[in-house]
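Student: Quick one: the structure is below, and I'll ask about it shortly.
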Amino acid sequence: MKRFGRKKEFTTTRIIAVGFFVTIVIGTFLLMLPLSSKTGKVTGIVDALFTSTTSVCVTGLVTVPTYAHWSLFGQVVIALLAQVGGLGVITFTTMFMLILRRRIGMKERLLIQDAYNLDTIQGLVVLVKKILKGTLVVETVGALLYMAVFIPDYGWKGVWYSVFNAVSAFCNAGMDVIGPDSLSRYVGNPVVNITTMGLIILGGLGFPVWWNVLDVMKQRKRKCRTGRESLNAKLVLFMTAFLIVVGAILILILEYQNPATLGPLSFFDKIQAAFFQSVTTRTAGFCTISQSGLNKSTALVCCLLMFIGGSPSGTAGGIKTTTIAVLVLTVVSIIKGRRDTEMFGRRVSD
């Protein structure tokens with residue numbers, strides 16, 4: 001007979017879930033503090049909880065305007081929550097253990113393996129270090145590029161705007177502190193457009209793809225014949241490029257003459273805005289054109305792009321690029337009567 005008081009196994013999946021829950025609770029408490037609001041008053045638990053959740057889950061939805069309601073302290077909390085949500089609670093836990101020089105045991109390695117859906121536990125600590133260093137480098141470069149535009153426009157406030165936007169874009173959070181119209185003011189600014197799109201794409205590719213591509217580039221530079229992208233990296237890169245280009249073309253065609261969106265812009269700015277919309281729709285949440293002004297057909301295209309989202313082990317959401325690619329290719333294989341699903345001349349295991 002089973003005992004009711006038996007201790008349940010605390011699996012790695014549960015630990016990750018609890019980690020997110022605890023982070024959201026701590027974020028809610030910090031955002032409720034009078035210090036977090038510009039008025040110096042306590043923020044209601046519903047708004048604080050919603051903001052904390054949307055920051056950790058990097059959705060970009062808000063119940064109070066980020067730029068107007070939250071003080072600098074509150075915005076810093078939101079940026080940190082987005083960073084934790086984008087990179088993962090387990091990554092940050094491992095980071096603190098490394099800082100405190102704590103030993104990373106088997107339990108922690110299994111957590112990292114589950115968090116990034118990896119097949120092996122070898123080199124996991126090195127992987128986490130690479131993720132943290134890579135994130136720091138990319139976000140720093142992004143912030144510096146933003147500063148070239150935001151400091152002349154906003155003075156020294158532009159420094160914080162640049163840092164916040166770099167974190168938000170890389171983590172695909174889509175929250176900004178500039179104003180009520182997101183980045184609409186910069187619809188024709190190549191620096192802001194390219195920087196934001198670059199951060200969103202890099203965050204959404206997935207960290208394993210980064211290292212695979214970098215390793216292949218190093219091997220090819222050394223003229224090693226073994227330099228070959230993994231099937232996952234190849235599929236992610238192809239699907240990312242395909243969705244961005246196809247999405248941009250459809251948005252450009254459907255919105256070309258819409259006076260509420262692309263209509264008033266020059267041809268070059270229309271192309272910029274169409275690509276920006278295609279990229280940011282894949283779960284980032286920024287905008288340079290009116291979202292309420294989009295045609296229904298364009299909104300449907302955006303919904304499909306949002307549904308697919310980014311790639312595995314990245315900072316974006318959605319069902320993932322690899323999932324939709326394998327589903328489509330499997331259907332094609334069945335129609336053609338093939339036994340296996342194939343891509344790039346390689347078989348995908350069952």
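Student: With all protein chains present, how much of the accessible area of the chain (probe radius 1.4 Å) comes from carbon and sulfur, to the nearest whole percent?
Tutor: Numbers: 12490 of 18910 Å².
After summing per-atom areas, the C and S share lands at 66 percent.
Student: With the contact rule set at Cα under 8 Å and sequence spacing of 6 or more, what percent relative contact order holds for segment 292-350?
Tutor: RCO, segment 292-350: 16 percent.
Student: Using alpha-carbon pairs under 8 Å, 6+ residues apart, how would you state the relative contact order of segment 166-216 in percent? Working shown, then result.
Tutor: On the way: 26 pairs, mean separation 24.3, N = 51.
Relative contact order here is 48 percent.
Student: Can you count the Lys pairs in segment 199-350 with C-alpha separation below 19 Å, eight or more apart or on different chains?
Tutor: Qualifying lysine pairs in segment 199-350: 4.
Student: Moving to a separate point now. What is the packing order of peptides 343-349, 265-271, taking the mean over residues of other C-beta atoms within 10 Å and listing the highest first? If you can, show how the numbers build up before the last one.
Tutor: On the way: 343-349: 11.4, 265-271: 14.7.
Sorting 343-349, 265-271 by mean packing, highest first, produces 265-271, 343-349.
Student: In addition: Taking amide H atoms as placed 1.01 Å from N in the peptide plane, list the residues 5 or more away in sequence, or in a different chain, whose amide H sits under 5 Å from that of Trp70.
Tutor: Here Lys38 satisfy the definition.
Student: Still on this structure, I have one more. Heavy atoms only, probe 1.4 angstrom, no DNA, RNA or ligands counted: give me Lys320, Lys133, Lys218 ranked by accessible area, highest first.
Tutor: Details: Lys320 45, Lys133 140, Lys218 115 Å².
Sorted by accessible area, descending: Lys133, Lys218, Lys320.
Student: Moving on. If you work out volume of the Cα convex hull per residue in Å³ from the coordinates, which of (i) 211; (ii) 128; (iii) 148 do you get?
Tutor: So the calculated entry is the one marked (i).
Student: Identify which of Met217, Met306, Met197 has the largest mean-square fluctuation in a Gaussian network model of the chain, with springs joining Cα atoms closer than 10 Å.
Tutor: Met217
Student: With springs only between Cα atoms under 10 Å, which of Thr330, Thr195, Thr280 fluctuates most in a Gaussian network model of the chain?
Tutor: The residue with the greatest mean-square fluctuation here is Thr330.
Student: Once ligands and nucleic acids are excluded and a 1.4 Å probe is used, how much of Val216 is accessible, expressed in Å² to the nearest 10?
Tutor: 10 Å²
Student: For Met343, what residues show an amide H to amide H distance below 5 Å, using hydrogens built from the backbone and excluding near sequence neighbours?
Tutor: Residues meeting the amide H criterion: Val348.
Student: With a 1.4 Å probe and all protein chains kept in place, how do Val137, Val18 rank by accessible area, largest first? Spell out each step's value before the answer.
Tutor: Details: Val137 90, Val18 60 Å².
From most accessible down to least: Val137, Val18.
Student: Given the rule -39500 (n - 2.57) for each run of at least 4 DSSP H residues, summed and divided by the residues of the chain, what is its mean residue ellipticity at 222 nm, to the nearest 500 deg cm²/dmol? Working shown, then result.
Tutor: Details: 14 runs with 217 residues, N = 350.
So the calculated ellipticity at 222 nm is -20500 deg cm²/dmol.
Student: Here is a follow-up. DSSP H helices in the chain with Cα extent of 27 Å or more along the helix axis and mean Kyte-Doolittle hydropathy at least -1.0?
Tutor: Numbers: long enough: 12-32 (30 Å, 2.01); 124-154 (43 Å, 1.43); 231-255 (35 Å, 2.32).
What comes out of the filter, once short or polar helices are dropped, is 12-32, 124-154, 231-255.
Student: Then there's this: Over segment 161-211, give the accessible area per residue in Å² for a 1.4 Å probe, as an integer.
Tutor: Details: 1310 Å² over 51 residues.
Each residue of segment 161-211 exposes 26 Å² on average to a 1.4 Å probe.
Student: Can you compute the charge dipole magnitude of the chain about its Cα centre, using +1 on each Lys and Arg Cβ and -1 on each Asp and Glu Cβ, nothing else charged? Give it in debye, rounded to the nearest 20.
Tutor: Values: 35 positive and 16 negative charges, 345 e Å.
Charge dipole, the chain, about its Cα centre: 1660 debye, nearest 20.
The values are calculated or read from the model by the stated rules, or taken from the named source; none is laboratory data. Note that the coordinates shown come from a computational prediction; the quantities given were computed from them, not determined experimentally. Backbone-built Cβ (ideal geometry, glycine too); neighbour counts: all protein chains shown. Side chains are part of the model used for accessible areas, which takes the heavy atoms of the whole protein and leaves out ligands, DNA and RNA. Shrake-Rupley method; radii C 1.70, N 1.55, O 1.52, S 1.80 Å.
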